[in-house]
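The values are calculated or read from the model by the stated rules, or taken from the named source; none is laboratory data. These numbers come from a predicted model, not from an experiment. Virtual Cβ from ideal backbone geometry, glycine too; neighbours counted across all protein chains shown. Ligands, DNA and RNA are excluded from the accessible area calculation, which covers all protein heavy atoms including side chains. Shrake-Rupley method; radii C 1.70, N 1.55, O 1.52, S 1.80 Å.
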Amino acid sequence: VGVANDAMVNQVLTSRIDAEASTAGVQKMLAGFYKGIGLHQYTEATRIAGVKMGRKFISDLSHDLESSSARTRNRAAFYLKELGVKDPVAFGKQLRAAEPKMQDVLEDRGGIASDYGTALNRFINQTIMMPSRAEKPTWAAHPVGSLMFSLMSYSYGFKKNVLDRGARLAIEGVKAKDPAMLLPAMSLSIMVAFQAANDTYLRPYLFGSNY
């Protein structure tokens, strides 16, 4: 996945502002800035943690495909497809037999190794709110738009990976009659309550004004 390589982390960070293809001087300046403020180290740590969580999550889903509950099987298949696995049943069978070797995943050798790498990368990028190329709006390619997007990329990633996904899962949960898929949308009420408390009490107390 590249978490041990400094250049990979810098590329992840600079991709937020479309600067990964810029000059060497800009790259060096940005790398120094990210390391100076600790964002480089934090991003690397979260990606390492994401790899560990992703491996466990994908393994659990592969075993859920053998569950006696049809809802659990359907939910596991849905989540695996969401992570880019085209044939969840075949993938789960192979993964239960043996997890692919790291070298096979890194070299993208096809088959389960390719699907596993895709699923793991999607899980990690969604965990750290990294919007993909496909999710970036067209205006982010403009120099001015790129600057604006660099300031709001986390918020945009949060909208795509949390808010939009919560709504999508809620719709799927109603269709499949699976209450477990409604949990992400229901948990958003906790965030709304916290934001309301922040706007009503905390922020005015800290700044002395609601304005």
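Rank by packing, highest mean first: peptides 91-97, 152-158, with packing defined as the count of other Cβ atoms within 10 Å averaged across residues.
Numbers: 91-97: 17.9, 152-158: 15.4.
So the order, starting with the most tightly packed, is 91-97, 152-158.
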Exercise for the section: Take the alpha carbon atoms of region 31-52, find their center, do the same for region 93-120, and report the distance between the two centers in whole angstrom. Expected result: 25
Problem - Among the listed pairs LYS56/LYS86; LYS52/LYS81; LYS81/LYS177, those beyond 23 Å (Cα-Cα) - result: none
Handout entry: Distance (nanometres) between label positions extended 7 Å along Cα→Cβ at SER189 and ILE128
Key = 3.4
Exercise for the section: Provide the FRET efficiency to the nearest 0.05 for the ALA197-GLU82 pair, computing r from the beta carbons and using R0 = 35 Å. Expected result: 0.65
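Within the accessible area of region 23-176, what % is carbon and sulfur when the probe is 1.4 Å and the other protein chains stay in place? Walk me through the intermediate numbers first.
Details: 5440 of 9100 Å².
Of all accessible area on region 23-176, carbon and sulfur atoms account for 60 percent.
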Exercise for the section: Step through the residues of region 199-209 one at a time and calculate ³J(HN,Hα) from phi using the Karplus curve (6.51 cos²θ - 1.76 cosθ + 1.60, θ = phi - 60°), rounding each to whole Hz and writing x for Gly and Pro. Expected result: 5, 7, 10, 5, 5, x, 5, 6, 9, x, 7
Problem - Debye-sum result for region 151-211 in log10 I(q)/I(0), which assumes one identical scatterer on each alpha carbon, at q = 0.20, 0.27 Å⁻¹ - result: -0.82, -1.00
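Take each of the peptides 203-211, 50-58, average the number of other beta-carbon atoms within 10 Å over its residues, and list them starting from the highest. Don't jump to the answer; show the numbers that get you there.
Details: 203-211: 8.9, 50-58: 16.2.
Ranking, from highest mean packing down: 50-58, 203-211.
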Handout entry: Cα Rg, Dmax, region 103-211, angstrom units
Key = 18.9, 59
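Between SER209 and LEU106, take the C-beta separation as r, use R0 = 45 Å, and let me know the FRET efficiency to the nearest 0.05.
Values: r = 53 Å, r/R0 = 1.19.
The value I calculate is 0.25.
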Handout entry: Cβ-derived FRET efficiency at R0 35 Å, ARG168 paired with VAL89, nearest 0.05
Key = 0.95
